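**Q** My questions all concern the structure below.
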Amino acid sequence: MLLDTPLCDFGWDAPDFTLKDAHGKAHRMQDYVDKGLLIAFICNHCPYVKAIADRLAADARVLQDNGIGVLAVMSNDYANYPDDAPGKMIEFAAKHDFPFPYLIDEDQSVGRAYGALCTPDFFGLNADGKLQYRGRLDDARMEDAAGRTPELVNAMLAIAKTGQGPQDQSPSMGCSIKWREG
């Protein structure tokens, strides 16, 4: 099911969290906020995530080279969607050479706290942990010389420099997050 996300709630105070990666290592969100932080809600099986996974890895390197932290969070119910299970997360991250931690939101509390709706769903925070970007990887309405507009990268670089995100943002779109029932 294709979903669009709501527009950015500028200044929303992002809640801190600690999640483990598929290897069992804990990562605290606040430890990754420097000049800013990108949190990407993704999963392994979504065709929208598969389509952008290599670009996300490349763009994450650009952000990290500019002092911006990057975390990916998988909030899907992997008991009912086994392609999103931790072992598959390790394979997916290796296949796409993720340079960032890929975290398991086991109880789905982080996805719910952030109001994540789809995969991929991107949240860009400034150095104070305030939301300044909620949108997609690229703006399909415009293209650069390479045939794309790096909306997310440009937004995060601006946030790192000024603390403010762009007013014009394209909502994320993708597959619905697979919530546990009950």
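**Q** Check whether at least one residue in the stretch 6-20 is part of a loop (DSSP other than H, G, I, E, B), within 15 Å of residue 105 (Cβ to Cβ) and within 12 Å of the chain's Cα centre (by Cα), and report yes or no.
**A** Scanning the stretch 6-20 turns up no residue that is part of a loop (DSSP other than H, G, I, E, B), within 15 Å of residue 105 (Cβ to Cβ) and within 12 Å of the chain's Cα centre (by Cα).
**Q** Answer with yes or no whether residue 17 is among the aromatic types (Phe, Trp, Tyr) and at pLDDT below 90.
**A** Details: among the aromatic types (Phe, Trp, Tyr): yes; at pLDDT below 90: no.
Judged against the criteria, residue 17 is not a match.
**Q** Please state which of the following conditions residue 72 fails to meet, knowing it meets all the rest: (1) over 19 Å from residue 61 (Cα atoms); (2) touching a residue at least 24 places away in the same chain (Cβ under 8 Å); (3) of a type outside the set (S, T, N, Q).
**A** For residue 72, the exception is condition (1).
**Q** While we're looking at this one, here's another question. Restricting to the stretch 117-128, name every residue that is assigned to a strand (DSSP E or B) and either among the aromatic types (Phe, Trp, Tyr) or surrounded by fewer than 20 Cβ atoms within 10 Å (Cβ to Cβ) (or both).
**A** Once the filter is applied, which keeps residues that are assigned to a strand (DSSP E or B) and either among the aromatic types (Phe, Trp, Tyr) or surrounded by fewer than 20 Cβ atoms within 10 Å (Cβ to Cβ) (or both), the stretch 117-128 yields 122, 123.
**Q** Would you be able to tell me the number of residues in the stretch 21-32 that are more than 14 Å from the chain's Cα centre (by Cα), of a type outside the set (Gly, Ala, Ser) and either buried (at least 17 other Cβ atoms within 10 Å of the Cβ) or within 18 Å of residue 124 (Cα to Cα) (or both)?
**A** Residues that pass the stated criteria total 5.
**Q** Within the set of pairs 6 or more residues apart or between chains, which connect a residue that is more than 27 Å from residue 47 (Cα to Cα) inside the stretch 157-182 to a residue that is in a strand (DSSP E or B) and aromatic (Phe, Trp, Tyr) with Cβ atoms less than 7 Å apart?
**A** Final answer for the pair search is 159/133; 165/133.
**Q** While we're looking at this one, here's another question. Restrict the check to the stretch 129-137 and report whether at least one residue is surrounded by fewer than 20 Cβ atoms within 10 Å (Cβ to Cβ) and modelled with pLDDT of 95 or more.
**A** yes
**Q** Sticking with this one: Among residues belonging to the stretch 167-182 that are surrounded by fewer than 16 Cβ atoms within 10 Å (Cβ to Cβ) and part of a loop (DSSP other than H, G, I, E, B), point out the one that is farthest from the chain's Cα centre (by Cα).
**A** By that ranking, first place goes to 182.
**Q** I'd like the residue in the stretch 97-116 that is of a type in the set (A, V, I, L, M) and buried (at least 20 other Cβ atoms within 10 Å of the Cβ) and, out of all such residues, is modelled with the lowest pLDDT.
**A** Top of the filtered list is 116.
**Q** Now for a different question. Taking the stretch 34-51, which residues are surrounded by 23 or more Cβ atoms within 10 Å (Cβ to Cβ) and either at pLDDT below 95 or not in a strand (DSSP E or B) (or both)?
**A** 42, 43, 44, 46, 49
**Q** Ok, one more. Which one of the conditions (1) part of a helix (DSSP H, G or I); (2) out of contact with any helix residue (DSSP H, G or I) (no Cβ under 9 Å at 6 or more places or on another chain); (3) over 11 Å from residue 39 (Cα atoms) does residue 92 fail to meet, given that it meets all the rest?
**A** Of (1) part of a helix (DSSP H, G or I); (2) out of contact with any helix residue (DSSP H, G or I) (no Cβ under 9 Å at 6 or more places or on another chain); (3) over 11 Å from residue 39 (Cα atoms), only one is false for residue 92: (2).
**Q** With (1) crowded, with 19+ Cβ neighbours inside 10 Å; (2) modelled with pLDDT under 95; (3) in contact with a Ser or Thr (Cβ under 8 Å, 6 or more places away or on another chain) as the list, and residue 152 as the residue in question, which single condition is left unmet?
**A** (3)
**Q** Show the residue pairs that are 6+ apart or on different chains and have beta-carbon atoms under 7 Å apart, the first residue being within the stretch 40-66 and more than 15 Å from residue 94 (Cβ to Cβ), the second being buried (at least 23 other Cβ atoms within 10 Å of the Cβ) and among the charged types (D, E, K, R).
**A** Listed by first residue and then by second, the contacts come to 41/121; 43/84; 45/84.
The values are calculated or read from the model by the stated rules, or taken from the named source; none is laboratory data. Everything numeric in this text was worked out from a predicted model, so none of it was measured. Because the Cβ atoms are built from the backbone with ideal geometry, glycine has one as well, and the counts that use them run over all protein chains shown.
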